[in-house]
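> This is the structure, below, for whatever I ask next.
Derivation of every value follows stated rules applied to the coordinates shown; laboratory data play no part. This structure is a prediction, so every number in the text was calculated from the model and none was measured. Every residue, glycine as well, gets a Cβ built from its backbone with ideal geometry; the counts of neighbours run over all protein chains shown.
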């Protein structure tokens, strides 16, 4: 690439992130929780729906995940880890029940959208757009509608759930304050970053699912549990992480994706709301078993979007370790078993069809 080409690419990247920051500033002025992420999602999806390119490096998502995951890992102190021991069975039960709810929503999606059951199941079980698209190709169904449904649900979760919970909670006067006022030191923040990168590389080496979040979280959580001298990051770094993740998520939602999923859109919207409602009802029910607050359990059982739900718990200053642990347990149950679940379902569907 020539120097002029490099300069042009840098100018485009700067313009993209300046635009995302301006949208984030508006969301901040409107006192949204996670304003920089929500603003970046709206900006990026607007650009892509206008059929304009959004050439951002894939590494930005990885950087954003490492920054957020390590920030969340700070909450895994020895006291917090000890307190979560009694919640392991509810965590496993919630993960398994979420898979069951995915089947319920898939049946609904088949009825309203008239698609095959495998596509509906891949669209309904919360496993992430990339993982679901890979399984769609493996099982010879179109990945476009599946990616659309998974992305739509995550966007709805990010845009609707944090503002709704903060508003209903009523105790948070400034949604940004909990993130912006955390104490930090240069050495402590640098050590936190090192633990996160080391954890991410280790998780990638052993082929863990979602390594840049799960591995970074594990590295930071281990450092916190060992009482190493780690501290939070300066707030501008968390702003950067929100912008990186928001631009990536909004950028997936382009005109071509909408075109491929055109007849599928109404059903996907209804199915997303149905799964969010069912998982929310499960979360409220779990408050009776866990003695956690309804806010914590709603965030813990939200169908996807661990990064944003953990940040919302950080804003509420309540149950951050619990919310994160519920999501991590679900990730480690759903992702490894999603392929055999889909394969078994495909075989049963073929047998019934015959």
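> Kindly give the semi-axes, whole Å and largest first, of the ellipsoid equivalent to the stretch 55-167, taking each as the square root of 5 times a Cα gyration tensor eigenvalue.
Values: eigenvalues 174, 85, 43 Å².
Here the semi-axes work out to 29, 21, 15 Å.
> Let me ask something additional. At a 10 angstrom cut-off on C-beta neighbours, averaged per residue, how do the peptides 180-189, 61-70 rank from highest to lowest? Before the final figure, lay out the partial values.
On the way: 180-189: 12.8, 61-70: 24.4.
Final packing ranking: 61-70, 180-189.
> Taking neighbour Cβ counts within 10 Å as the exposure measure, how do 151, 312, 2 sort from fewest upward?
On the way: 151 24, 312 31, 2 7.
So the residues, fewest neighbours to most, are 2, 151, 312.
> Going by Cα centres, the stretch 110-159 and the stretch 196-232 are how many Å apart?
Spelled out, the Cα-based centre of one part sits 29 Å from the other.
> Taking the number of other C-beta atoms within 10 Å as the exposure measure, put 51, 318 in order starting with the fewest. Could you put the intermediate results ahead of the total?
Details: 51 9, 318 19.
Placing the least packed residue first, the sequence is 51, 318.
> Just need the relative contact order of the stretch 58-353 here, percent rounded to a whole number, with Cα pairs under 8 Å and 6+ apart.
Details: 428 pairs, mean separation 96.2, N = 296.
Once normalised by length, the contact order is 32 percent.
> Next up: How far, in nm, would the chain grow between residue 202 and residue 138 when pulled straight, counting 0.36 nm per residue and subtracting the alpha carbon separation? It would help to have the intermediate numbers written out before the result.
Numbers: separation 64, 0.36 × 64 = 23.04 nm, distance 2.72 nm.
Between residue 202 and residue 138, full extension yields 20.3 nm more.
> Mind telling me which of 89, 41, 265 comes out most flexible in a GNM of the chain, alpha-carbon contacts under 10 Å?
Result: 89 has the largest fluctuation of those listed.
> Place a point 7 Å from Cα of residue 335 in the direction of its Cβ. Which residues in the stretch 85-103 have their backbone N less than 20 Å from it?
91-100, 102
> Ranked from highest to lowest mean number of other Cβ atoms within 10 Å per residue, what is the order of the peptides 143-149, 273-279? Can you show the working numbers first?
Working: 143-149: 24.1, 273-279: 19.6.
Put in order of decreasing packing, that is 143-149, 273-279.
> Under 10 Å, Cα contacts only: if you run a Gaussian network model on the chain, which one of 224, 20, 80 comes out with the highest mean-square fluctuation?
Most flexible of the set in this elastic network: 80.
> I've got another one for you. Using a Förster distance of 35 angstrom, determine the FRET efficiency expected from the C-beta separation of residue 186 and residue 104, and round it to 0.05.
On the way: r = 50 Å, r/R0 = 1.43.
Computed FRET efficiency for residue 186 and residue 104 comes out at 0.10.
> Can you tell me which of 327, 28, 114 moves the most in a GNM of the chain? Springs connect C-alpha atoms under 10 Å apart.
Evaluated over the chain, the most mobile residue of the options is 114.
> Return the label of the correct value of mean projected area of the Cα convex hull in nm², as calculated from the structure shown, out of [x] 24.5; [y] 25.4; [z] 18.7.
Derived directly from the coordinates: [z].
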